[in-house]
Structures are given as structure tokens and as C-alpha cells.
Amino acid sequence: MTRPVPSRHNDIANDLRHQITTGRLKPGERLPSETDLADRYKVSTATLRSALAVLQAEGLVEKIHGKGNFVRRPLSRFVYVGGWGTLDPWTAAEAALHVTVRTATVQADGHLTTLLRVPMGSPVAEFFCISHEGESPHGLARIYIPRDLAPAGVLDDESPCPEAAKRFAVLGSPPAAVRETVRARPPTPDESSTLRTNSVTPVLAITRVATDPSGRVVEAALLVFPGDRADAVFTTHHTLDERQAAE
């Protein structure tokens, strides 16, 4: 029986993988350009890119737009804690996470009108947050609240964002109820670019809707994390009625 001949791009991936795992190529080191690597291995650029795609899917190499391909630094796992919502670096091997936040006022349309239960065109405060470990992105969040509920001054250029936004947490006072929908799905092109992931690795997508005692939606958040290094933890508390407690 004849054995299948290994494809050339797998040969190249195996060689580069060996160099990475043996330390010849160091974490954070930039690989030669794709053209130079193609010349070195005597293959087309398309074949070389197929080899790099294998290593990107394995998390060994990351491609940074405009800069090139780099040996990926080992990234810590991290935890999203459900309920009011927060990133919890302390239970994620103390990952040194930091979050950048951009704020804006947008008009609600499409999906936002459904999530926030507001009329089309209503002013909404948007908080766009990206968490990083060093220079590597860990997760992103788009948090929306009705404009009249936005904390005073947070949309002014000179005012700092609420600390809650820096933890992806619910921004206002503790809500009466929080509903979170969690699913795994392929990343969108924008998510893949922002998180520096490939289109093969799924993301963990969480849609969080918080309501006050009257049932008004006070916040809607769209959270996205790389599925290969994020955990979501939810704790449920059951309350016994008086008759059950007496038994």
C-alpha cells in the first residue's frame, strides 16, 4: 500500500513548528517576510501562507496587520464572571490585563432597538472596550446604555470612563435582573482582525441584557472572547420559600 505524500505546506509548517518549540524562534520574534520564507523553502507565496495558516490555527504564530508574522507569546487563560459581568484576572493566573475604552453617542437601529427596547434612532451611549495582555488582545465588548442613563460626564473627552467599563461589567447600579446568552460561533472579519485570531478558531460570544425593577432595559452588552483561552463562569442562587425552609 502506498503512503500519501505529505503536502509541501505541511512540511514547512512542521519545520517552523520545530524551530518554535525548540526555542530557535523565540516568543515575540518576527518571522522573515513571507516572500523571503517562500524563497527559502522554494515554494510559492500561496503555499507559504498555507503553512503559516496552520501555525496560526495552532496559536503558535500571529499575523499583525502591517507588521508581519510573529511567534506568539504564551497567553494566560482568563475568566468572564457572569451575573453583573466582569473580567476576573485574579482567577485567570493573574493575567496582567488592561482595557482601553472609547466612548461615543450613537443612534439605535436594527439589533440595538430590539435589545434596548427603544425606538429607532434613539440616542445611545456606546462604550467600545478591548482588553489586552501586553500587546495581545484578549477580548472586546460593545456596551450600550440609553443616553439619559449614561453616568454624568463619561462621554466628555476629558472625563475618565467608569471603572466598570474597564472590567466589562454592568456600568450602572446593580440591576434587578441580568439575562446572558452564550454561544460559540466563527468570528466576524472585524473580530478576527481585532483579536488577532484566525477564522477557524471559534469565539465565545455573550449577549448581556440588564433590566431595572420596572423591567426597563438599562444596558445591553455584546462581548466577544477567543474561544481557545476564555472561560465563562455562572453561579445560580436558589431561594427557598418559607414552607420549604420550615421542612
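Apart from one condition, Arg30 fits all of (1) of a type outside the set (Phe, Trp, Tyr); (2) touching a Gly at 6+ places or on another chain (Cβ under 6 Å); (3) closer than 30 Å to Pro162 by Cα; the exception is (3).
Among the conditions (1) of a type in the set (Lys, Arg); (2) under 25 Å from the mean Cα position of the chain (by Cα); (3) more than 23 Å from Arg229 (Cα to Cα), the only one that Lys63 does not satisfy is (3).
With respect to being farther than 23 Å from Asp190 by Cα and not in a strand (DSSP E or B), Val43 fits the description. Quickly run through region 34-60 and pick out the residues that are small (Gly, Ala, Ser) and either under 22 Å from Asp228 (Cβ atoms) or surrounded by 12 or more Cβ atoms within 10 Å (Cβ to Cβ) (or both). Listed by number, the residues that qualify are Ala38, Ser44, Ser50, Ala51, Ala53, Ala57, Gly59.
A single entry from Leu75, Leu87, Leu48 fulfils the requirement of being touching an Asp or Glu at 6+ places or on another chain (Cβ under 7 Å) and farther than 23 Å from Asp11 by Cα: Leu75. Could you tell me how many of the residues in region 171-196 are at pLDDT below 90 and in a loop (DSSP other than H, G, I, E, B)? Going through region 171-196 one residue at a time, the tally reaches 5.
Suppose the filter is assigned to a loop (DSSP other than H, G, I, E, B) and either under 28 Å from the mean Cα position of the chain (by Cα) or without any contact (Cβ under 8 Å) to a residue 12 or more places away in the chain (or both); does Lys26 pass it? Walk me through how you get there before you give the answer.
Details: assigned to a loop (DSSP other than H, G, I, E, B): yes; either under 28 Å from the mean Cα position of the chain (by Cα) or without any contact (Cβ under 8 Å) to a residue 12 or more places away in the chain (or both): yes.
Yes; evaluated as a whole, the condition is true for this residue.
Would you confirm whether any residue within region 149-162 is out of contact with any Phe, Trp or Tyr (no Cβ under 6 Å at 6 or more places or on another chain), touching a residue at least 60 places away in the same chain (Cβ under 8 Å) and not in a helix (DSSP H, G or I)? Before the answer, list the steps.
First, the residues of region 149-162 that are out of contact with any Phe, Trp or Tyr (no Cβ under 6 Å at 6 or more places or on another chain): 149-162.
Checking the rest, the ones that are also touching a residue at least 60 places away in the same chain (Cβ under 8 Å) come to 149, 161.
Remaining after also requiring not in a helix (DSSP H, G or I): 161.
Within region 149-162 (the criterion being out of contact with any Phe, Trp or Tyr (no Cβ under 6 Å at 6 or more places or on another chain), touching a residue at least 60 places away in the same chain (Cβ under 8 Å) and not in a helix (DSSP H, G or I)), the answer is yes, since at least one residue qualifies.
For region 85-110, the set of residues classified as assigned to a loop (DSSP other than H, G, I, E, B), surrounded by 16 or more Cβ atoms within 10 Å (Cβ to Cβ) and modelled with pLDDT of 80 or more consists of Gly85, Ala108, listed by residue number.
When the residues of region 133-148 are narrowed to those that are part of a strand (DSSP E or B) and modelled with pLDDT under 90, which ends up surrounded by the most Cβ atoms within 10 Å (Cβ to Cβ)? Even if it seems obvious, please write down each step before you answer.
Restricting attention to region 133-148, the residues satisfying the condition of being part of a strand (DSSP E or B) are 133, 136-146.
Now restrict to residues that are modelled with pLDDT under 90: 133, 136-138.
Working: Glu133: 19, Ser136: 19, Pro137: 19, His138: 25.
Among those that are part of a strand (DSSP E or B) and modelled with pLDDT under 90, it is His138.
Filter region 181-211 down to residues that are of a type in the set (D, E, K, R) and closer than 28 Å to Leu149 by Cβ and give me whichever is surrounded by the most Cβ atoms within 10 Å (Cβ to Cβ). So that I can check it myself, show each step before the final result.
So in region 181-211, the residues of a type in the set (D, E, K, R) come out as 183, 185, 190-191, 196, 208.
Then keep just the ones that are closer than 28 Å to Leu149 by Cβ; that gives 183, 190-191, 208.
On the way: Arg183: 10, Asp190: 10, Glu191: 18, Arg208: 25.
For region 181-211, the residue satisfying everything is Arg208.
The values are calculated or read from the model by the stated rules, or taken from the named source; none is laboratory data. The structure presented is a predicted model; accordingly, all values stated were derived computationally and were not measured. Neighbour counts run over all protein chains shown; Cβ positions are idealised from the backbone, glycine included.
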